[in-house]
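S.K.: One structure, as structure tokens, below. Some questions next.
The values are calculated or read from the model by the stated rules, or taken from the named source; none is laboratory data. Bear in mind that the values here come from a model prediction, so they are computed numbers and not experimental data. Here the Cβ positions follow ideal geometry from the backbone for every residue, glycine too, while neighbour counts run over all protein chains shown.
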Amino acid sequence: MDGTIRVWDIRKSSGALGVLDMEDSLGIAGLDGMGRDARSRDTGKAHQGAVNGIVWTDDGNYIVSAGHDERVRVWDAATGANTLATFGPILKNGHLSNLPLVISPTASTLVGQEMVFYPSERELLAFELFQGKLLKRLKIPGPNMASVRSRTGERNVKNRITGLVFRGQADGLYSAHTDGQIRAWLPRTTEDDRLEEEADFGHKRHIEDQDEQGRRKRQVLDDVFKDLTRQKISFG
């Protein structure tokens, strides 16, 4: 709640290694440049607000955190340095519960092109991990806001994401929501492209058929009108 992230060595009871400091972009390298025998950092804040999301990359090289300052920060796990990745102003994070960040497996992307998935209030955002570039905005279907606020004063987002898990490059993401739904976010396949092309072709054929029927009807009306105008009119 105080905006700090504390790192611990769980192998011993007095294993506090220090805190992460958002003002430090250099880190503490230690004697070997990899953090070994480095002095601990006892002061500093990771976020200007409560921290409610944190996850490691699967190779252990980086820590990713999210806070109520609506920022995501990427940290070098060996030195504690803030990598200064910037994710822009579209992040929303104002609720008290855990924010389930997910990092794509390092084996599923090229080196340096890992992705972080961020559950914002109304959408699931996909960013490049180290550049902060927005890659995709996945809209969550259904109504976003309930008509009441929670007892804590938070906005009660009806379908907020409460759980998020990555199931591999082919299996995509699965999210759990406060509306009781589990949603699958799956990558597009060649079969999806083929079905979409067939649907588009069928839609175009349907429009063309309607246009052809319209032309025929207009032609019939034109012929009838011409026949009527060709007839001689006599007055008796």
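S.K.: Could we say that SER104 is of a type in the set (S, T, N, Q), in contact with an Asp or Glu (Cβ under 8 Å, 6 or more places away or on another chain) and either over 19 Å from GLN48 (Cα atoms) or surrounded by fewer than 17 Cβ atoms within 10 Å (Cβ to Cβ) (or both) here? Working first, answer last.
M.R.: Details: of a type in the set (S, T, N, Q): yes; in contact with an Asp or Glu (Cβ under 8 Å, 6 or more places away or on another chain): yes; either over 19 Å from GLN48 (Cα atoms) or surrounded by fewer than 17 Cβ atoms within 10 Å (Cβ to Cβ) (or both): yes.
Criteria met by SER104.
S.K.: Got at least one residue in segment 121-128 being in a loop (DSSP other than H, G, I, E, B), within 22 Å of LEU20 (Cα to Cα) and either out of contact with any Cys (no Cβ under 8 Å at 6 or more places or on another chain) or of a type outside the set (D, E, K, R) (or both)?
M.R.: Within segment 121-128, none of the residues are in a loop (DSSP other than H, G, I, E, B), within 22 Å of LEU20 (Cα to Cα) and either out of contact with any Cys (no Cβ under 8 Å at 6 or more places or on another chain) or of a type outside the set (D, E, K, R) (or both).
S.K.: Tell me which residues, restricted to segment 43-58, are among the hydroxyl-bearing types (Ser, Thr, Tyr) and within 12 Å of VAL116 (Cα to Cα).
M.R.: Scanning segment 43-58 gives a single hit, THR57.
S.K.: Could I ask something else about it? Within segment 157-209, which residues are in contact with a Phe, Trp or Tyr (Cβ under 8 Å, 6 or more places away or on another chain), at pLDDT 85 or above and either more than 17 Å from TYR118 (Cβ to Cβ) or not in a strand (DSSP E or B) (or both)?
M.R.: ILE182, ALA184
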